[in-house]
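Data first, discussion second: the structure below is written as structure tokens.
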Amino acid sequence: MKWHIRNSERSACWQAIAITAICLALAAQATAQGGGELRFCLRAEPKTFHPLKVDDDASAAIRYLTGGVLVRVNRQTQQLEPGLAVSWKISKDGREISFRLRSGVTFSDGTPFSAEDVAYTIQQLMDPALHSPTGDAFRSGPGNVETKVLSPTQISIRFPAQVAGLDRLFDQVAILSQHSPKKEMAVLGPFLVADYTPGATVLLQRNPNYWKTDDRGRKLPYLDSIRLDIQPNRDVEMLRFKRGELDLINSLDSTYFDKLAETSPQLVHDAGPSLDSEQLWFNEVAKAPIPGYKKNWFHSANFRRAILEAINREDLARVVFHGHAQAAAGPFSPANLFWFNSRLKPLAYSADAALKALQSDGFRLENGTLKDKDGNAVVFSIATNSGNKARESMAVLIQDDLQRIGIHVNVVTLDFPSLIERMMETFDYEAILLGLTNVDLDPNGEMNVWLSSSQNHQWNPQQKAPETAWEAEIDRLMRVQASSSDGNKRKEAFDRVQEIVVEEEPFIFLVNKNALSAVATTVHGAAPVILSPQTFWNAERLTVSPK
Amino acid sequence: MSLWQKLPYVVLALVLAASLAANWLAPAGYARQYREATDAPPSHAHWLGTDELGRDRFSRVLYGTRISLLLAPAAALLSTLLAALIGGLAGYLGGMWARMAMAVTDLFLSLPWLFLLITARALMPLNVSPLVSVMVTFLLLGFLGWTTAARVLCASAGTLRTADFVRQARAAGLPGLRLFWVHVVPNLKPVLYAQFWISIPVFILSEANLGILGLGVAEPMPSWGSLLKELEGLVSVGEEPWKFVPLILLVVVVTSFQSLLSRQEEVAA
């Protein structure tokens, strides 16, 4: 048989061969490159590479990407999954946790991993000299933590008192090597720190000894490296993302989100309400240097609820956050699937109802000014941190809303240290508008906010004994939930805490911001979620295609 | 005077008149929020669009111009007078007095003002009405902004001290202070004018920066400084050109002031 090929067919044939060759070359290149390099920005210099000393967002991001943990909270399902531990068990008294560890795992430098490393990590974590912020969550009571290495793959850890939500806390504990000469730079996570230029870049490279594989048995992570540029300026970050110099922006504000959505809607992701809330509170500290009549207003739950009712929170969400926020129902966001009390609904805006409630308390409206029963005009200041555009805007909207019921608000923006000094030391303020960043799903992460003896009980911190009956009840319920290992009992107690907070409004919860992010189309496998780190929580499974 | 020479007068008169007539010209109050029309482009209802809280930008520009145009020159006048008094006298007296005054000026220049302003803010009560905040802001600027001008005036007065006409007046028995007032101050006028005009835009911009410390013009009151803050984060000029109106106005006003200054110098020469 003879092949008869015409010129046009010959040409088509050559084209097909050429295209196939190009495809093969590209495929070969892609294979050689692996999953490529992911690039994004850290908004500040990482303060430490020691995973147990992490106390800032930049260091936490590096810890997440490099640290190997015994158990990991799946950021998508919010459920706990095995990590270096294949299984674990908590004792009935909630004081002891036993782990069965994965065998055959090695650190990035080849040092074998065993239960001794876990024991060493716990010892370091609880060492008071190290001042580990991660360790603070485990300090449940006086006494030492005892670790018992049962075998190279079995360990039990006993705490002096019960630690509620104990297993979830291990999501933050990156295991250190006891024997590696590289100390904390020997890691068990998907990436390792390969290079660091202060003020410029942190380069992470694939950990060749990472233990995890995908469903098809391929070694993870797919990415070859991650380049983290240190860039505090969000405008620059956005410009670089638009130019294609960055692959993702982990947390976007609503203005940038909308601007990007206008031109490239396929790049932006709104994962819905996050755990973060914005709130306003009045100074209820007895020794605060503010007039007595103002203290009387601020101590009145009726006054606080009226203020909440007079603030149009739908407008805050719509105007300030361009619709990427929801009016808050209470202290926990609906994004917290298990712990949010679904019986709570946001109080609807009604200036008339607010005014009526105030009038029932003896306030009266005279020539556009609200006055209390002693004739004092209702005037107070709301302080917030300068430079935070969203908070400044919220304060101005609140000022306008309250003006409608005759309340005059002076908006003051202060640099953050001054604001903190007034808030924590001098108590020289009337009301403050700030946000609460929630990284922990468990209410135990907020023990330092709700206990009346706590320093972060902002409206009236460090009380020797609860000054009000409802604060005493919150203290009791928080201790009940913290000392129980029964999930339902804990939930019941914390549901009641949320209800009391909504009844008393010590914090006027304004909005829950949405988790906004941007991911380039060259990044594959990204599924932004509400929990931190929103966009790179599954970094080990991401790939970046060549530009 | 040619039309070109009259132009700065006309521009300044128009801007000042418009700002003083803001109550009648502005379509809305500076604090009125049209929450259904936030960040809107120019329209019949809002000639310069609205800001991110839905406030009419044209109205805010008019009211902001009034505040900045009245108070920045007032602060500039205060600082120039202080500079004339300290720098001018030091230069005229010379010797130890000049060295002492300049040492104090250098000390002032080297002080970490950011921290001092934070301290000043800490000492002030939080519950201050927007109007009081405006007064406090510009008074602070006036009291703190004299140092650079004082150095220039000291140098100029130092030159005048050894000038022939001053020596002649001194030889004629004219008392020191009278000599300073009658012969030195009038000859310092061009420098004083220059320092005065230069200070105005500096104070307008300083006011905007003071907002970071909680010392600027408080919301909801507008000022050029707070209006210029809108330009933060603007990615391209062509995107929303109407947001540049406060900046253009600032440039036009400052340029007009400078033109007047040049004209006066020409007349003086």
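The values are calculated or read from the model by the stated rules, or taken from the named source; none is laboratory data. Everything quoted here is computed from the prediction, not taken from an experiment. Glycine gets a Cβ as well: all are built from the backbone with ideal geometry, and neighbour counts include every protein chain shown.
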Quiz item: What are the residue pairs meeting all of these: first residue in the stretch A:402-424, first residue touching a residue at least 24 places away in the same chain (Cβ under 8 Å), second residue acidic (Asp, Glu), Cβ atoms under 8 Å, and 6 or more apart or on different chains?
Solution: A:Gly406/A:Glu366; A:Val411/A:Glu392; A:Val411/B:Glu219; A:Thr413/A:Glu392; A:Arg422/A:Asp428
Practice problem: Please tell me if A:Gly292 is without any contact (Cβ under 8 Å) to a residue 12 or more places away in the chain and either more than 14 Å from every other protein chain (Cβ to nearest Cβ) or of a type in the set (S, T, N, Q) (or both). | Solution: yes
Practice problem: Take the residues in the stretch A:389-421 that are closer than 18 Å to A:Ala317 by Cβ and either basic (Lys, Arg) or in a strand (DSSP E or B) (or both), then tell me which one is nearest to the other protein chains (Cβ to nearest Cβ). | Solution: A:Lys389
Quiz item: Just one of A:Leu441, A:Leu433 is among the aliphatic types (A, V, I, L, M), assigned to a strand (DSSP E or B) and either at positive phi or more than 12 Å from chain B (Cβ to nearest Cβ) (or both); which is it?
Solution: A:Leu433
Quiz prompt | Given (1) touching an Asp or Glu at 6+ places or on another chain (Cβ under 6 Å); (2) away from every other protein chain (no Cβ under 13 Å), number of the condition A:Asn312 does not satisfy | solution = (2)
Quiz item: Among the residues of the stretch B:119-135, which ones are more than 8 Å from every other protein chain (Cβ to nearest Cβ) and over 17 Å from B:Pro220 (Cβ atoms)?
Solution: B:Thr119, B:Ala120, B:Leu123, B:Met124, B:Pro125
Quiz item: Do we find a residue being more than 22 Å from A:Ala527 (Cα to Cα), in a strand (DSSP E or B) and of a type in the set (Gly, Ala, Ser) anywhere in the stretch A:196-204?
Solution: no
Practice problem: For the stretch B:86-101, enumerate the residues that are within 15 Å of B:Thr148 (Cβ to Cβ) and surrounded by fewer than 18 Cβ atoms within 10 Å (Cβ to Cβ). | Solution: none
Quiz item: If you check B:Arg60 against the conditions, is it under 22 Å from B:Phe203 (Cα atoms), in contact (Cβ under 8 Å) with a residue 60 or more places away in the chain, buried (at least 23 other Cβ atoms within 10 Å of the Cβ) and within 14 Å of chain A (Cβ to nearest Cβ)?
Solution: yes
Quiz prompt | Test set (1) under 24 Å from the mean Cα position of the chain (by Cα); (2) surrounded by 17 or more Cβ atoms within 10 Å (Cβ to Cβ); (3) not in a helix (DSSP H, G or I); (4) not hydrophobic (A, V, I, L, M, F, W, C) - A:Ser484 fails condition number | solution = (1)
Exercise. Check A:Arg476 against each of (1) crowded, with 22+ Cβ neighbours inside 10 Å; (2) farther than 25 Å from A:Ser274 by Cα; (3) more than 14 Å from chain B (Cβ to nearest Cβ) and name the one condition it does not meet.
Key: (1)
Quiz item: Quick one: in the stretch A:361-388, which of the residues that are within 14 Å of chain B (Cβ to nearest Cβ) and loosely packed, with under 15 Cβ neighbours inside 10 Å is farthest from A:Gly435 (Cα to Cα)?
Solution: A:Gly368
Quiz item: Do any residues in the stretch B:175-198 that are within 22 Å of B:Leu141 (Cα to Cα) have Cβ atoms under 7 Å from those of residues that are β-branched (Val, Ile, Thr), where the two are at least six apart or on different chains, and which pairs are they?
Solution: B:Val191/B:Val152; B:Leu192/B:Thr80; B:Gln195/B:Thr80; B:Gln195/B:Val152; B:Phe196/B:Thr80
Quiz prompt | Test: residue in the stretch B:101-114 that is touching a helix residue (DSSP H, G or I) at 6+ places or on another chain (Cβ under 8 Å) and within 14 Å of another protein chain (Cβ to nearest Cβ) | solution = yes
Quiz item: Right, A:Leu246: part of a loop (DSSP other than H, G, I, E, B), within 20 Å of A:Gln534 (Cβ to Cβ) and in contact with a strand residue (DSSP E or B) (Cβ under 9 Å, 6 or more places away or on another chain) or not?
Solution: yes
Quiz item: Restricted to the stretch B:119-166, and to residues that are β-branched (Val, Ile, Thr) and outside any helix (DSSP H, G or I), which residue is modelled with the lowest pLDDT?
Solution: B:Val128
